[in-house]
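In what follows, a single structure is set out as structure tokens and then discussed.
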Amino acid sequence: MLYRGNKSGLNDEYEKNYQHSFTACFIDHTHQLGANFAKGFAAYKSGDYETALGEWMPLAEQGNANAQYNLGQMYNKGEGVLQNYKTAAK
């Protein structure tokens with residue numbers, strides 16, 4: 001949650017520009033994450049598990065629940081990785 005008050009001593013114009021810059025960066029980053037997830041999903045559906053793993057692993061490490069779940073399924077089924085129930089449960 002963004003802080004909306006102006007207790008920092010910054011003028012309103014500076015704060016407004018900062019918030020717009022932050023929002024633009026966040027949206028771009030979110031779009032990039034979505035693109036990587038979609039690329040991984042397309043790769044997985046086509047049987048290219050190596051690419052799916054490469055796209056989803058960084059997302060999972062950043063806390064993306066969908067990527068974490070899909071990697072868990074890959075480890076559970078042994079798709080492109082050695083089957084490992086312990087890793088799948090992480």
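Each value in this text was obtained by applying a stated rule to the coordinates, not by laboratory testing. The structure displayed is predicted, hence computed values, not measured ones. So basically every Cβ, Gly included, is an ideal-geometry build from the backbone, and we count neighbours across all protein chains shown.
Would you tally the net charge around Q68, using a Cβ to Cβ cut-off of less than 10 Å, leaving Q68 out, and scoring K and R as +1, D and E as -1? Result for the local shell: 0. How much net charge surrounds K39 when only the other residues with a Cβ under 14 Å from the Cβ of K39 are counted, with Lys and Arg +1 and Asp and Glu -1? Value of the local net charge: -2. Placing dummy labels 7 Å off each Cα toward the beta-carbon, the span from A38 to K90 is 2.8 nm.
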